[in-house]
Amino acid sequence: MKLLLRNPKTFRFISDDSREDSKDCAFLVTQSSKKYLQQAKENGFKDFLSPQELGEFLDLNLKIIGITGTNGKTTTAAMIYSILLDLGCKVGLLGTRGFFINEKQRRPKGLTTPSLLEIYSAIDEARLEGCGYFVMEVSSHSIVQNRIEGLTFALRILTNITSDHLDYHKTLENYIATKNSFFRNPNDKKLINKDEPKAQYALQNTLTYGIESNATFSVKAYSLRNGIIAQIAYGKEESTLEATFFGKHNLYNALAAIGAIKILEDLPLEDIVTKLENFGGVKGRMQVVNENPLVIVDFAHTEDGMEKIFESFLHRKIVVVFGAGGDRDRFKRPKMGLCAARYAHTIYLTSDNPRSENPRNILEEILAGIPEELQKQRNIYLEENRSVAIKKALENLQFDEVLLILGKGDESYQIIGDEILEFDDCKEVEKYIQAKH
């Protein structure tokens, strides 16, 4: 990336790419780009910057809220963003869905946490638009690769820690340690899910939220039958949340968002909860695509993420369509299969993004996690073609059942081999419904 400075001093550009034209350009030395330092020198770069020095050239004077966790980052970030906008604040949002400033999308979706220079430039752009807040998702990859180096966070939030990306982190212990490393600094304000047993953090400047535990932000009573009704408590303050989004996991996300606004804005709890009730949800996250019968599309692609979705519909008969990504963490596949078999009476195993792997092998690895006795008790179908699997599930769906299509969420593509094909779970459902009627 090459960034044009608004108020150039000794150079007009900053780049983290050693191949760029070095004229009037400084080279940013990060953990990722330092291996190209010699190449940058040979290419004519004369000025070299560390991430800590970027603040001299970019306007980073706003409150940054960083959210990490295996699941819930996108929805929690979107909730915080929504509440702040409703409160009249100017806000930037950076994450899986892209880069937004004050409800306008500035960049398409890409990496959960992009390169360090992209992050800094996004913050600078938000500040130019008068933003006082910048909400961002923080992935485990970005923590390891120091893509957030030099940033000062007004608040750091932990949603949960389960298991994901073991193809990169190698062991669960490494993954857990990476997530927890985001919360080591005793001087930073932190908001931690107290119901997460794997969370380790400096106790100083830490507040907590939870449903099962005695936390700073807690729930006295709740119902998840049709949306969410919950009695939220903070000290002596109480307020009732009535929301149209589904699931206990979304109640956790809501608690985190409410807690974040309370910490940063110190408004009455009732005012914050009222603003959250305006939140319309995130595309591809517990998205209701059809109501009768109920069809929901969600991004859940780990055992824990799937379980949270299933637990939202314990009062319904569950049908599920899902697969697992190719060339990614293979250890989670049998666990996902077992999880599905514990909750759903009908299962359609299908392709996610198989990439270079044989789709059938992926389905067999998921199936291997379901004990033979449980396989006999469930209706299990293996269909490599995701479009066909969704169509079959819809054709056989009964009105007392809920169909959950999991794994891809709002993705508009499918990666098969070297090809990136146009594909959207929601559009597949809509296409079937329209054809039927």
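Since every read-out is calculated from the coordinates, none of them should be taken as a lab result. In this text, all values refer to a predicted model and were calculated from it rather than measured experimentally. For neighbour counting, all protein chains shown are included, and Cβ atoms are generated from backbone atoms with ideal geometry for every residue, glycine included.
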Original post:
Between region 363-416 and region 130-147, what is the C-alpha centre distance in whole Å?
Top reply: 34 Å
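Report D for region 37-99 in µm² per second (integer): Stokes-Einstein, Kirkwood Rh on Cα pairs, 20 °C, 1.002 mPa s.
On the way: Rh = 15.0 Å.
Estimated via Stokes-Einstein, D reaches 143 µm²/s.
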Original post:
Computed over the Cα atoms of region 63-276, what is the ratio Rg over Rh, Rh following Kirkwood?
Top reply: 0.95
**OP:** Would you mind putting 197-210, 35-48 in packing order, based on average other-beta-carbon counts within 10 Å, highest first?
**Re:** 197-210, 35-48
Original post:
Given the pairs K90/K275; K2/K90; K335/K391; K308/K335; K194/K275, which are separated by over 19 angstrom at their Cα positions?
Top reply: K2/K90; K335/K391; K194/K275
Subject >> S356-N187 FRET efficiency (beta carbon distance; Förster radius 56 Å; 0.05 resolution) >> reply: 0.80
Subject >> All-pairs Cα distance distribution in region 2-56, expressed in whole percent, bin size 10 Å >> reply: 27, 60, 13
**OP:** With the convex hull built on the Cα atoms of the chain, state its orientation-averaged projected area in nm².
**Re:** 22.0 nm²
Subject >> Value of relative contact order over region 317-356, rounded to a whole percent, pairs C-alpha under 8 Å and six or more apart >> reply: 65 percent
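Compute the relative contact order of region 2-56 as a whole-number percentage, counting only Cα pairs closer than 8 Å that sit 6 or more residues apart in sequence. Each step should come with its number before you reach the end.
Working: 80 pairs, mean separation 16.3, N = 55.
Here the relative contact order equals 30 percent.
Output the peptides 190-196, 364-370 sorted from most to least packed, where packing is the average of other Cβ atoms within 10 Å over each peptide's residues. Mind showing how you got there, number by number?
Details: 190-196: 23.0, 364-370: 18.6.
In decreasing order of mean packing, 190-196, 364-370 become 190-196, 364-370.
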**OP:** For region 287-436, state the semi-axes of the equivalent ellipsoid (square roots of 5 times the eigenvalues of the alpha-carbon gyration tensor), sorted largest first and rounded to whole angstrom.
**Re:** 21, 20, 13
Original post:
So in the chain, what percent of DSSP beta bridges are antiparallel if you round to the nearest 5?
Top reply: 40 percent
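Report, in debye and to the nearest 20, how large the dipole of the chain comes out about its Cα centre when Lys and Arg carry +1 and Asp and Glu carry -1 on their Cβ.
Values: 56 positive and 61 negative charges, 92 e Å.
With Lys and Arg at +1 and Asp and Glu at -1, about 440 debye.
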Subject >> Between region 243-258 and region 1-67, the Cα center-to-center distance that results, in Å >> reply: 39 Å
